[in-house]
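The structure appears below as C-alpha cells.
The values are calculated or read from the model by the stated rules, or taken from the named source; none is laboratory data. What you see is a predicted model; the values in this text were computed from it and never measured. With ideal geometry, Cβ positions are generated from the backbone for all residues, glycine too; neighbour counts draw on all protein chains shown.
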Amino acid sequence: MLLVMIACAMLFTVVYSEGSASAAATGSGVSSPALNQTYKQVKAGTYYSVGLRSDGTVWTWGRNLFGELGIEKKATITSFPYPLRLPSLTGITTLSVDGQEGYQLGVKADGTVWEWGRDPFVYRQSILPRQVQGINGVAAVSSSGGIASAMLNNGTVVAWARLGGEDTSAVNPVTIAGLTNVTAISTQGMVNYAIVKDGSVYAWYAKLDDNRNVVLSKPWKLAGVSNVKQVSSIWDTGYAVNANGQMWSWKLTVSSKLAISYVTKPARIFSSIKVRSFNSNLLLSDAGVVYNVVNGKLNKVSGLPAVSAISRGGYHQLAIDKQGHVWGWGANKWFETGSPTSAEGGMVYTPAQLQSGVDIVLNDNRIDTIVPAYESDSTVQIPIKLLAAELGIRFSADSDGTITLARGKSIVTIHRNAGDVKVYLNGKPLELKSSIGSSAGSITIPYELLASLEIGANWDAAAHRLSIMT
C-alpha cells in the first residue's frame, strides 16, 4: 500500500472546491493535431499572464481573483499555476492586455476583434471570450482605462468605450481624425501613440465623458524622433526605439483643452547599447539580452537564453526565447510567472521556463476543462471530476473526503486523511508510482490510474498530448 501526499499547488488561494459545482469538460468535435508549443507573443498583466502560440491558440495563467482570465463567468477559481487554453479563441494573430483593468483583446485572421477578462461593472465576474460587434478589418488592438483602440487594415485608427459583460450590442467606433498610414499603436499610459509608415510618431489623448462617450484630442506629431519602429510609455513618459537600435525618452503634458505639449523633449538614452524593444523598464538588446532599468541604469537579467520578445507586468516579467519558449520571473504569489513553485516571499528570482500545456484527446476529439491537466513527477495529472462524465466514470465525493470512481465492474476508492492518501481497487490496496494531486481545488489523478478503470491512455511527451481511448 502506498501512502501519497496531495500536491496542492494552490491551497492558500482556492475558493473552488471539489464538492462544489464545476464547469463540465466539453469536446471540440474535431480531430486534434499535436500542439504547437512555441509562443509568438506573451503579455504580463497585473498578477496574471496571457500568451499567444504560433498555432493561433491563446493560453493564460496566474490570478483570476476578479475574473481577469476570462475562463468562467463568476470567478470561483482564484489562480492557475499551469497554462490553460481558452478553447473558443482560435486563429488569433495578435493580442493586447490591459493589465490594470484585467482585460484582453485579440484579433483573428479574418479581421474580427475578440474580448475577454474582468467585467468592469460586476464584481468578480468575467466577460467570456466573445466577438466585439460593430468593428471589422482590424490589424492590431490596444486598450487602456476603459477605452479600446484598433488599427485597421487601411492604416487608420478607431477607438470605442468598453461594454459590460451583459451588454452584447455593437460598439460605436470613433475614428482618430488625421491619422493615416499607421503601422503600430500603443495606448498604455497617459496618452496614446501611433507610428506611421515614414517612422514618425503621433500622440493623442482619449477619455470617457459622463455618458461614456469617447472624447479625443487632435493627434500631435512628436518632433525630435524619427525612423521609429517601437513606441511605449509609462504614464507621462514616452519611449521610442528606431530601426538602428537607438532609444529616446521624453515627457508630455495635456492641458485642460486637451492640447499636448512637451515637458521635456526627446533625448537619447542607453546610447551604449543597441536596443530592440522596451517595455515598462524592461529592455531587450539587439543581441537578445534582457535588462531591468533601475534608477536609469541597466541591470542584466541572468539565467535567460537569447530572447526575442519581452513583457513587464505589474510585478513580474516575461520573455520569449528564440526557440519560442516562455520564461518568467519576479512576483509569483498568484503563479503569474508560470512557475508552480516560489522562493520565500512568493518570488521567482531566477527566470523559470513556463511548463508546456497538455492536450487531452478522447477518441480523437480534444477535451478542454476549466482546470488544465499538467505534467508532474514524470506523469500527467488529469482533473478527474471534470473528465468523469466524458470518460463514462461515475464520480462521487463523501463528506469525509473519500472519492469513488466507478466504471463497469471496477471501483477505485481514494481515501484522503490529513494529507495522506490511500488508494484501493475493488477493495484491495493499489500501489501508485505517482501521487494523487490537486490543482485549483480540483482533485487530479495520474493518468496511469485510468487503466484500473479499463480505460486506455497513451502519453506522447514530445507532442505533450495525452490520448485516451474508451
Any hit, segment 381-389, residues being at pLDDT 95 or above and over 23 Å from Gly62 (Cα atoms)
yes
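Kindly indicate which of Tyr193, Tyr205 is farther than 18 Å from Val141 by Cβ, in the same structural domain as Lys265 (by TED's automatic domain parsing) and among the aromatic types (Phe, Trp, Tyr).
Residue meeting the stated conditions: Tyr205.
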Can you find a residue in segment 163-177 that is of a type in the set (Asp, Glu), at pLDDT below 95, in the same structural domain as Ile71 (by TED's automatic domain parsing) and over 25 Å from Val141 (Cβ atoms)?
no
Name the residues in segment 370-423 that are out of contact with any strand residue (DSSP E or B) (no Cβ under 9 Å at 6 or more places or on another chain) and closer than 16 Å to Ser452 by Cα, would you?
Gly408, Lys409
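Listed here are the residues, each with its yes/no results for (1) outside any strand (DSSP E or B); (2) touching a helix residue (DSSP H, G or I) at 6+ places or on another chain (Cβ under 9 Å); (3) farther than 20 Å from Ala373 by Cβ.
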| site | (1), (2), (3) |
| --- | --- |
| Phe395 | no, yes, no |
| Leu405 | no, yes, no |
| Glu431 | yes, no, yes |
| Ile443 | no, yes, no |
| Leu450 | yes, yes, no |
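How many residues does segment 452-470 hold that are charged (D, E, K, R) and part of a loop (DSSP other than H, G, I, E, B)?
Count: 1.
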Hey, can you tell me all the residues within segment 36-60 that are in a loop (DSSP other than H, G, I, E, B) and in contact (Cβ under 8 Å) with a residue 40 or more places away in the chain?
Gln37, Thr38, Gly45, Thr46, Tyr47, Ser54, Gly56
Of (1) in a strand (DSSP E or B); (2) within 20 Å of Thr470 (Cα to Cα); (3) in contact with a Lys or Arg (Cβ under 8 Å, 6 or more places away or on another chain), Ile414 satisfies every one except (2)
Quick check on this structure: which one of Leu152, Leu128, Leu208 is among the aliphatic types (A, V, I, L, M), modelled with pLDDT under 95 and on the phi < 0 side of the Ramachandran plot?
Leu208
Among the residues of segment 425-447, count how many are farther than 21 Å from Ile468 by Cα and surrounded by fewer than 16 Cβ atoms within 10 Å (Cβ to Cβ).
5
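Quick check on Ser233: is it over 28 Å from the mean Cα position of the chain (by Cα) and either part of a strand (DSSP E or B) or on the phi > 0 side of the Ramachandran plot (or both)?
Criteria not met by Ser233.
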Being at positive phi, assigned by TED's automatic domain parsing to the domain that holds Thr90 and at pLDDT 95 or above, is that true of even one residue in segment 318-333?
yes
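A quick yes/no check of all residues on (1) in contact with a strand residue (DSSP E or B) (Cβ under 7 Å, 6 or more places away or on another chain); (2) closer than 20 Å to Ser54 by Cα:
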site	(1), (2)
Leu298	yes, no
Ala306	yes, yes
Ala319	yes, yes
Ala331	yes, no
Phe335	yes, no
Glu344	no, no
Just to be sure I understand the filter: pairs with C-beta atoms under 6 Å, separated by 6 or more residues or on different chains, first member in segment 106-124 and loosely packed, with under 15 Cβ neighbours inside 10 Å, second member modelled with pLDDT of 95 or more. Which pairs pass?
Ala109/Gly91; Ala109/Thr93
Among the numbered conditions (1) more than 21 Å from Phe335 (Cβ to Cβ); (2) over 25 Å from the mean Cα position of the chain (by Cα); (3) outside any helix (DSSP H, G or I), tell me where Ser435 comes up short.
(1)
Among strands (runs of 3 or more DSSP E) lying entirely in segment 326-372, which contain 2 or more residues that are of a type in the set (Gly, Ala, Ser)?
326-331
Which condition from (1) in contact with a strand residue (DSSP E or B) (Cβ under 7 Å, 6 or more places away or on another chain); (2) surrounded by 13 or more Cβ atoms within 10 Å (Cβ to Cβ) is the one that Leu258 breaks?
(1)
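Every residue, every condition in (1) modelled with pLDDT under 95; (2) crowded, with 23+ Cβ neighbours inside 10 Å, yes or no:
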residue: Gly19; (1), (2): yes, no
residue: Val42; (1), (2): no, yes
residue: Leu52; (1), (2): no, no
residue: Gly91; (1), (2): no, no
